[in-house]
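Have a look at the structure below before the remarks.
The values are calculated or read from the model by the stated rules, or taken from the named source; none is laboratory data. Note that the structure is a prediction, hence the values are computed from the model and not measured. Using ideal geometry, Cβ is built from the backbone for each residue, glycine included, and neighbour counts are taken over all protein chains shown.
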Amino acid sequence: MAEAPALSVQGLTTEFRIGGQWHAAIRGIDFDLGKNETLALVGESGCGKSITALSIMGLIPKAAGRIAAGKILFEGQDLAQLDEEHLREIRGDRIAMIFQEPMTSLNPVLTIGFQVAEALRYHRGMSQAEARTHALELLEQVKIPSARQRLDDYPHQFSGGMRQRVMIAMALACKPQILLADEPTTALDVTIQAQVLLLLAELKQLYGMSMIFISHNLGVVATIADRVAVMYAGEIVETAAVGDLFDRPTHPYTEALLSSIPRVDRTSDTLMAIPGQVPAINRMPGGCRYAPRCALRQPVCERPPALAPVSGSAPTHLARCWVRAGGDR
Amino acid sequence: MLQYLIKRLLYAVPTLLAVLTVVFFVARVLPGDPAQVMLGEQAGAEAIQALRVRLGLDRPLVEQYVDFMQGALSGDWGTSLVTGRSVLGEVLNVIPFTIELTLASILLGALIGVPLGAWSALHRNSLVDYATRIGSLFGLSFPAFVMAIMLLLAFAIQLDWFPVISSGGGGSVSERLLHLALPAVNLGIIMAAYITRVTRSSMLEVLGEDYVRTARAKGVPHRAVVWQHCLRNALIPVVTVVGLYLGILIGNSVLTEIVFNRPGLGKLIVGALTQRDYTMLQGLMVVYTFIIVVVNLLTDLTYGFIDPRVKYQ
Ligand SMILES: Nc1ncnc2c1ncn2[C@@H]1O[C@H](COP(=O)(O)OP(=O)(O)O)[C@@H](O)[C@H]1O
Ligand SMILES: [Mg+2]
């Protein structure tokens with residue numbers, strides 16, 4: 001990559017304390033996010049996607065969580081080392097985040113006008129009136145019908161899809177360089193999902209942002225991402241350009257995800273058909289973490305595999321599997 | 001809004017009628033002749049009969065009921081069997097004292113309890129949090145009248161800052177406040193203990209809400225997260241508890257009233273009970289029902305003030 005990445009995550013490990021002991025929810029996460037690039041983080045629920053995003057935002061709850069190792073390089077600074085005040089200045093300004101649950105992610109007692117205007121007041125020092133005018137423009141940009149009348153409405157007066165549009169407007173308020181979208185459409189109906197995805201792609205183009213798009217649905221990812229990192233049990237198990245991944249899915253987990261892509265004729269996409277479940281963070285298998293669920297399991301899988309190049313694919317295509325990509329066995 | 005108020009008050013009418021009916025029948029259907037109960041075991045038959053006539057108990061039940069309801073609704077609640085004065089008059093005499101005391105103790109409780117509870121939640125498991133939790137538990141479990149006596153001994157007798165007999169004070173505002181101070185502190189501390197605990201736990205819950213994380217993700221400073229995003233949400237359950245406790249407090253202030261020798265509804269009801277003042281009790285039941293209705297209405301109005309999801313319809 002000729003240009004420096006917008007964000008570089010290196011060896012990121014975030015831990016939580018459970019019963020007096022620290023356990024890694026994500027371990028040794030490495031990726032670069034290029035300028036204008038969309039990187040998708042994909043995996044079932046509980047694989048560590050949200051924790052990765054929250055670590056970047058510096059929003060890991062301090063009471064029982066910590067970034068134990070690794071670097072998060074952004075504009076020459078390591079966000080993992082930054083203190084709360086400096087992180088606050090970056091959050092919502094240069095790096096913004098959209099959350100999965102539009103129903104609970106907006107404050108029920110504050111008007112959406114207020115909530116959209118907030119970032120502008122704190123980061124741009126705008127007055128209430130200025131910020132309000134600007135908030136109106138943002139709401140129009142995310143295509144909220146009759147936005148002017150709706151500025152003083154409360155979240156409960158909006159549908160799920162409209163609330164997610166409000167969330168997007170909020171995140172874009174300060175024109176961030178990086179947008180972290182954590183399952184922004186998972187809670188929405190299929191038709192609304194498509195509209196919101198389209199809007200996100202459009203705005204990303206317009207604003208010239210880099211985006212980390214989190215989803216458990218590889219099907220959604222295909223339409224929006226440039227590159228994909230598949231996560232399993234807190235680790236990246238396969239990463240490739242989106243075309244390479246769909247051409248040559250290598251890790252058995254990626255295959256399983258692909259075969260569980262919900263079909264259009266079914267409405268719910270939350271049910272996954274992969275047998276077994278993601279191990280809890282205090283019950284991680286010692287070797288390959290996917291081995292207990294894997295049909296291709298071999299004796300060698302007792303040892304932890306490393307990310308290795310997939311032979312016959314692009315050099316950026318890596319997988320963490322002894323059987324399928326175990327170059328350095 | 002005004003429409004809503006009128007509607008709510010109209011809804012209260014059937015409730016009041018139902019309570020009146022229950023009061024009427026309970027007094028008559030329960031075993032034991034009220035006249036006999038009032039006069040005691042040794043009373044002669046003529047005396048009992050005379051009282052029965054005076055109370056109208058000798059007439060047919062339906063006639064009594066119609067009479068009773070008419071009287072209750074028109075404000076003619078009869079006269080006290082003990083003092084001979086009008087029941088309504090007695091109630092109206094003491095109500096200002098009760099309202100004054102209740103409002104003052106709630107105000108005090110909220111002024112102490114809300115900041116303390118919020119602060120305790122924000123510094124969870126700190127020394128201050130522990131102190132607050134223990135203190136509020138103590139405030140709840142400490143008998144109110146013991147605290148009342150201690151306050152009296154310390155501030156009225158030893159230090160002589162406040163009157164020993166808080167009969168209410170005469171005309172001037174400052175004198176009234178002086179008389180109100182100790183009883184209000186007494187009940188206010190209990191109220192503060194309740195409010196602290198509820199505020200703390202609801203604040204802890206709110207701090208873990210998704211929208212708080214959203215606010216932080218926007219870069220909202222901590223102070224604004226607490227004051228603008230958390231506190232108002234955290235107050236919703238506090239209003240519930242204050243509303244519930246308000247009803248209890250009004251009846252519960254009797255020991256405080258006795259220790260500080262202060263007039264009030266609590267004292268009136270205990271007096272009526274011990275002296276078997278049957279007409280007075282009937283009247284007080286109606287008053288309490290009305291108070292509960294009003295308190296509920298105020299609680300609902302406060303919800304609407306805090307929470308935009310509440311609609312007045
Ligand atoms: N506050 C926490 N305390 C303990 N464990 C946590 C906490 N938050 C998340 N985890 C665990 O970390 C793992 C990854 O969670 P998460 O990143 O939310 O998954 P997802 O991929 O669904 O977004 C899960 O096993 C989850 O149980
Ligand atoms: Mg998640």
*asked:* What's the number of the only condition in (1) buried (at least 23 other Cβ atoms within 10 Å of the Cβ); (2) free of Cβ contacts under 8 Å to residues at least 24 places away in the same chain that residue A:49 fails to meet?
replied: (2)
*Restricting the first residue to segment B:211-222 and requiring it to be facing another protein chain (nearest Cβ under 7 Å) and touching a residue at least 24 places away in the same chain (Cβ under 8 Å), which pairs with a second residue that is basic (Lys, Arg) and surrounded by fewer than 24 Cβ atoms within 10 Å (Cβ to Cβ) meet a Cβ separation below 8 Å and a spacing of at least six or different chains?*
none
_Residue ranges of helices (runs of 4 or more DSSP H) in segment A:114-172 with at least 3 members within 14 Å of chain B (Cβ to nearest Cβ)_ = A:128-141, A:160-172
*Say we look at segment A:83-108 and pick out the residues that are part of a loop (DSSP other than H, G, I, E, B) and farther than 13 Å from residue B:215 by Cα; which of these is nearest to the other protein chains (Cβ to nearest Cβ)?*
A:101
*Of the numbered conditions (1) under 22 Å from the mean Cα position of the chain (by Cα); (2) at pLDDT below 90, residue A:275 satisfies every one except a single condition; which is it?*
(1)
*Pairs only if they're at least six apart or on different chains, beta carbon under 9 angstrom, first in segment B:135-149 and touching a residue at least 12 places away in the same chain (Cβ under 8 Å), second assigned to a loop (DSSP other than H, G, I, E, B); list them, first residue then second.*
B:144/B:253; B:148/B:260
*asked:* Looking at B:56, B:32, B:109 in this structure, which one is more than 19 Å from residue B:287 (Cβ to Cβ) and modelled with pLDDT of 80 or more?
replied: B:109
_Just to be sure I understand, how many residues within segment B:174-191 are crowded, with 22+ Cβ neighbours inside 10 Å and either charged (D, E, K, R) or farther than 22 Å from residue B:153 by Cα (or both)?_
0
_So the check is Cβ under 9 Å with 6+ separation or different chains; which pairs have a first residue in segment B:163-174 that's in the same structural domain as residue B:260 (by TED's automatic domain parsing) and a second one that's modelled with pLDDT under 70?_
B:163/B:169
*asked:* Based on this model, can you work out whether residue B:116 counts as under 26 Å from residue B:265 (Cα atoms) and hydrophobic (A, V, I, L, M, F, W, C)?
replied: no
*Out of all the residues in segment B:277-313, which are touching a helix residue (DSSP H, G or I) at 6+ places or on another chain (Cβ under 7 Å) and within 14 Å of chain A (Cβ to nearest Cβ)?*
B:302, B:303, B:306, B:307, B:309, B:310
